Amino acid sequence: MAKLLVSSLLRSGFTGDIVVFHNSPHPLYMVPRAGVREVKIEAADAPDCDHSFQYYAQSFKHSLAKYINPVGYDKIAFIDCDAVVIKPLDPLLSGDWDLAVLPEAWTHIQSGYFGCYLTPNERETLQMEGVNSGTWAVRASRWRELMKTWRTIESKPAPFREGNCLFEQSAFNRLVLDWSRTGCVVKWPMHEVALPFCPGGLCFFGQYMNSTIVHVAGAGLPVKMQFLFSVYAAAYLHDRNLTLFNILEM
């Protein structure tokens with residue numbers, strides 16, 4: 001999946017530098033790509049269960065801060081590898097803000113996926129969607145602060161535990177609430193980042209193919225691979241004459 005994401009970024013015309021984290025013993029590309037730095041991280045074997053893999057994968061996000069030096073950059077974007085970019089990303093990174101996040105349509109921040117670190121009053125009074133922790137961007141000068149704060153929040157016991165709690169994502173939502181009071185936090189329009197496997201997440205072909213990022217959060221691993229490849233192929237390997245198809249099916 002990481003190779004699909006990086007390749008889609010390169011084909012989209014993205015003008016920034018790309019750092020990709022993976023635990024494969026082999027490089028993503030036999031021929032290195034300009035502007036792409038691969039960082040291999042050590043990781044224990046992933047569990048076979050899709051549900052367990054969700055928690056396993058999230059546990060590595062905080063460890064990434066030390067590999068990125070924010071000096072000289074304006075913004076740093078984080079995108080989970082179960083995503084592809086099908087339009088230029090640069091417009092989403094423009095503007096004078098500290099943090100840009102993606103609200104998930106038809107969700108409530110009080111759920112266990114987002115709200116494990118809410119105060120009792122917030123659980124009673126907040127009327128807002130939960131924020132996805134797999135697609136966001138931060139002002140580069142606050143990169144280390146964000147990652148440190150995120151780790152600190154999650155290191156504490158969560159006040160509320162309901163059903164399938166996502167502590168990493170809930171800690172990120174706590175951070176977003178706190179930063180909204182002291183800094184400039186903007187919300188990306190939901191049509192810019194499609195979540196086709198989440199409720200209200202642009203599930204029709206014409207909708208998600210007009211977005212900037214297609215993020216398949218909520219699907220199982222085999223489905224993620226099939227879906228991402230189909231989106232990548234539709235965006236970058238298709239032409240009206242079906243040239244690639246005709247080459248393969250001569």
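The values are calculated or read from the model by the stated rules, or taken from the named source; none is laboratory data. Since we're looking at a predicted model, the values are computed, not measured. Neighbour counts are summed over all protein chains in view; Cβ atoms, including those assigned to glycine, are modelled from backbone coordinates with ideal geometry.
Would you tally the residues in the stretch 64-94 being basic (Lys, Arg) and either within 30 Å of residue 227 (Cα to Cα) or in a strand (DSSP E or B) (or both)?
So the count comes out to 2.
Within the stretch 1-35, track down each residue that is farther than 21 Å from residue 213 by Cα and among the hydroxyl-bearing types (Ser, Thr, Tyr).
24, 29
Taking the stretch 8-40 as the region of interest, how many residues are in contact with a Phe, Trp or Tyr (Cβ under 7 Å, 6 or more places away or on another chain) and not hydrophobic (A, V, I, L, M, F, W, C)?
Of the residues in the stretch 8-40, 2 are in contact with a Phe, Trp or Tyr (Cβ under 7 Å, 6 or more places away or on another chain) and not hydrophobic (A, V, I, L, M, F, W, C).
Residues to consider are 64, 166, 92, 99; find the one that is out of contact with any Lys or Arg (no Cβ under 8 Å at 6 or more places or on another chain) and either on the phi > 0 side of the Ramachandran plot or modelled with pLDDT of 95 or more (or both).
Going through 64, 166, 92, 99 in turn, just one is out of contact with any Lys or Arg (no Cβ under 8 Å at 6 or more places or on another chain) and either on the phi > 0 side of the Ramachandran plot or modelled with pLDDT of 95 or more (or both): 92.
Out of 214, 176, 193, 186, which single residue is of a type in the set (Val, Ile, Thr) and under 21 Å from residue 62 (Cα atoms)?
Exactly one residue qualifies, and that residue is 176.
Among (1) assigned to a loop (DSSP other than H, G, I, E, B); (2) surrounded by fewer than 20 Cβ atoms within 10 Å (Cβ to Cβ), where does residue 109 come up short?
(2)
Residues 131, 71, 84: which one is among the β-branched types (Val, Ile, Thr) and under 20 Å from residue 187 (Cβ atoms)?
So the residue among 131, 71, 84 that is among the β-branched types (Val, Ile, Thr) and under 20 Å from residue 187 (Cβ atoms) is 131.
Output the qualifying pairs, or none if there are none: Cβ atoms under 8 angstrom, residues six or more apart or on different chains, first residue in the stretch 1-25 and aromatic (Phe, Trp, Tyr), second residue surrounded by fewer than 16 Cβ atoms within 10 Å (Cβ to Cβ) and in a helix (DSSP H, G or I).
So the pair list comes out as 14/90; 21/64; 21/67.
Checking the conditions here, which among 215, 238 is of a type outside the set (A, V, I, L, M, F, W, C) and either touching a Gly at 6+ places or on another chain (Cβ under 8 Å) or at positive phi (or both)?
The unique qualifying residue is 215.
Where in the stretch 163-250 are there helices (runs of 4 or more DSSP H), lying fully within it, with 3 or more residues that are buried (at least 18 other Cβ atoms within 10 Å of the Cβ)?
Those helices (runs of 4 or more DSSP H) span 167-182, 221-236.
Run residue 100 past the list (1) of a type outside the set (Ser, Thr, Tyr); (2) part of a helix (DSSP H, G or I); (3) within 22 Å of residue 71 (Cα to Cα); (4) touching a residue at least 60 places away in the same chain (Cβ under 8 Å) and report the number of the one that doesn't hold.
Here residue 100 clears every test but (2).
Tally time: how many residues in the stretch 90-119 are of a type in the set (A, V, I, L, M, F, W, C) and touching a Ser or Thr at 6+ places or on another chain (Cβ under 7 Å)?
Within the stretch 90-119, residues that are of a type in the set (A, V, I, L, M, F, W, C) and touching a Ser or Thr at 6+ places or on another chain (Cβ under 7 Å) number 4.
Which residue out of 123, 151, 144 is of a type in the set (Lys, Arg), free of Cβ contacts under 8 Å to residues at least 40 places away in the same chain, at negative phi and not in a strand (DSSP E or B)?
123
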